[in-house]
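Data first, discussion second: the structure below is written as structure tokens.
The values are calculated or read from the model by the stated rules, or taken from the named source; none is laboratory data. Note that this is a predicted model, so its numbers are computed, not measured. Cβ placement follows ideal geometry from the backbone for every residue including glycine, while neighbour counts extend to all protein chains displayed. For the accessible areas, the whole protein counts, side chains as well, though only heavy atoms, and no ligand, DNA or RNA atoms are used. Shrake-Rupley method; radii C 1.70, N 1.55, O 1.52, S 1.80 Å.
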Amino acid sequence: VRRQQRDRVGELLLSIRGLPAALPALPLELTVLYNSLLFTVGASDSAIKGEAEGIRQGLLRVLEACGACRQDLGMEELWQKVLQEVTVEELQAPLHRLGALQAAWWLAAGRLGSVAGLFQLLSTAEDLGRAHCSEGQNKLLSLIKAWQVPPEEASLPLVQSAKDLKEILCTAAAFLQGLRELEAGNFPTALSLLQEAAGGFCSKKILAQIYTCLGCCAQRMGKPQTALQHLKRALQVDFQCLPALSHAAAVYHELGETDAELQALTLLYEALGKNPPAAASSSSCFLMQTELLVHTPVLTSLLRHHHPSEVKYLLAQRCLQGGRVADAVEHYLDFLSLLQEGLQQQMPLDGSSALPRIPEVFLEAASALEQAGRHQDAITVCEEVISRTTDLIPRVLRVEERLEQPECSSPGAELAGGLLSQKNESLCCLAWRAAGYLQQGWAWAKLGKSKEAVTQFSRCLSDLLHLQLHGPGVKPTENLQAEVEVLQKIRLLSLIGRGTQFLELGRHKEALLDFQHSLQISPGDPAAASYLVQALWKLNRKQEAAAQWQKLSQSSPGEDGQQRGQGRPLPLYLVSCLEQAMFPHSEPLARSIQDYLGTAAQDTS
């Protein structure tokens, strides 16, 4: 229907413009132009883009009818010329309405300064005085609010009143500026502007989006409870505003409220799994609406809809982090089955996905399976990672201090950047395969197969011989430092793991060497130091064992925490390996060492 109305009004406008511009007919022509532009906007039902060429033609027709010189001017200069030189009373109301439409086009383009300048031209001295009195408030909003809407004429009906258009402009201006301030990190100002927008003239869909943005703003201000109130309000207004649900889950995660977070993620996954309702045409009687004026990258980012698989992964990850192993296994296996259905082809390619690299997901799934006691399944999943990465790792991988990302453009910059990216990718593949062997080693150990465990730990350590660090101090660039730290942690855990299995097999000297090597990699590591004491004791080197035990007992607990906090957080797939590598408290060993020290003290006295 709207398209038919647009076509009829468009035909009428073309008929009028086929005649020479004449002052008596201009009020009608400008009103038809106003209605035509609104019908065009309403029929498209999509965001306004570009310039309104129809407005330019209308202004040039006004200048032609008034006998003014038609110069090649930009839109801002053209409006200034028309409003300053055309004083015919009958043209003021149509020009003001057309000016409000121009403001809508400029708002959609983010030209807030142009909008402010236009309303200064449209306003009387009295209007500007009112706007000036509102100093301390937002300048643009004050100018729009101070503008006096021209009265309507019964003989020239409008498809949307200028009064309603003014309200929409106020809401859109507040929303747009609030988003800008939010992006700039000016959170109190953003909060004020978004609250202004929430009290404005808009649909339920836009109101829910505004509340979602208010929730994000409050969260960034360190007010999670306030954020949750806004996000819940968004869902009350529009239960289909799923981004509000995903942001609420993130706030619950920040608060450590795991039950609430998992509940929110479960609801989100279920909602995304349902067939979304067809995008209904707007039930609003208004052709120009706030949603047609507000389309910025920051809003797109805040309102991004997650793919169901991303939510499924978050459920799996959060359950694993929270120790809900059975649920984690179920979610990870569901996610891996989605992979078999061609999930990667459906995922966004802009880097906005919450998913980690696929091998890391496999390793996390293996970790969950292992913690659930499904050790053979964990071994199988790790084998998949190992087989897929084997051909991607060079025989020798060198990390040099000199290799840095070039800061400026140069003939070799692209090549150097490519080499760095390739080296980083090789390090990732090496870390994944080594972690696969590491997890298999611990899984075989849990199954009581010490020989098989030693084999897998040895393969892990053999893998890490591929890595060669070169340069003074052996300090890689920041781009590679994180991956090198992970590889060093894998090396440490593998040495401890193999050492423990050597102890199980009675190969105490080999165990001692692994624990000594562990302490070279990570001096003061409590697990390696404790196992070293045990190995020395089993070798009947009691004096050395007692000395190491005393040294370990005197070390500050904070030193280890400080060591563990260095670098990036440990990948989730290594956390269970770290826990398994911890030295189990041995009361008999401690008592034996204390007895030995007591006897030695008596002999000395």
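Name the residues of region 193-228 whose amide N is less than 16 Å from a point 7 angstrom out from the Cα of N186 along the C-beta direction?
Residues passing the 16 Å test: 193-197.
Highest mean first, what order results for 175-183, 216-224 on Cβ atoms within 10 Å? It would help to have the intermediate numbers written out before the result.
Details: 175-183: 22.2, 216-224: 19.0.
Highest mean packing first, the order is 175-183, 216-224.
With r defined as the distance between the Cβ atoms of Q240 and L447 and R0 fixed at 60 Å, what FRET efficiency is calculated, to the nearest 0.05?
Values: r = 49 Å, r/R0 = 0.82.
So the FRET efficiency works out to roughly 0.75.
Given a Förster radius of 35 Å and the C-beta distance between Q137 and E77 as r, what FRET efficiency does 1/(1 + (r/R0)^6) yield to the nearest 0.05?
FRET efficiency, Q137 to E77: 0.75.
Starting with the highest mean, order 585-598, 357-370, 245-258 by the number of other Cβ atoms within 10 Å, averaged over the residues of each peptide.
Details: 585-598: 12.6, 357-370: 23.6, 245-258: 19.6.
Top of the packing list down: 357-370, 245-258, 585-598.
What nm value, rounded to one decimal, do you get for the distance between A22 and S161 when each label is placed 7 Å out toward the C-beta?
Label-label distance for A22 and S161, simple model: 3.3 nm.
Run the quick spin-label model on Q520 and Q550: label points 7 Å from Cα toward the beta carbon, then report their separation in nm to one decimal.
Once both label points are built, they end up 2.7 nm from each other.
Given 0.36 nm per residue, what is the gain on full extension from A482 to L267 after removing their alpha carbon distance, in nm?
Details: separation 215, 0.36 × 215 = 77.40 nm, distance 3.51 nm.
Roughly 73.9 nm would be gained on extension.
Sketch the reach of a paramagnetic label on S586 as a point 7 Å from Cα along Cα-to-Cβ, and name the residues of region 439-466 whose backbone nitrogen lies under 20 Å away.
442, 445-451, 453-454
Show D327, D514, D72, D164 ordered by accessible area, largest first, where the area counts protein heavy atoms only and the probe is 1.4 Å.
Working: D327 70, D514 10, D72 150, D164 40 Å².
If we order D327, D514, D72, D164 from most to least accessible, we get D72, D327, D164, D514.
Could you list the residues of region 133-175 with an amide nitrogen less than 12 Å from a label point located 7 Å from the Cα of V298 in the Cα-to-C-beta direction?
Output list for this probe position: 175.
How much length, in nm to one decimal, is gained on full extension between Q422 and T258, taken as 0.36 nm per residue of separation minus their Cα-Cα distance? Walk me through the numbers on the way to the answer.
Working: separation 164, 0.36 × 164 = 59.04 nm, distance 3.80 nm.
Going from the current span to full extension adds 55.2 nm.
What is the Cα centroid distance between region 171-217 and region 292-338, reported in whole angstrom?
26 Å
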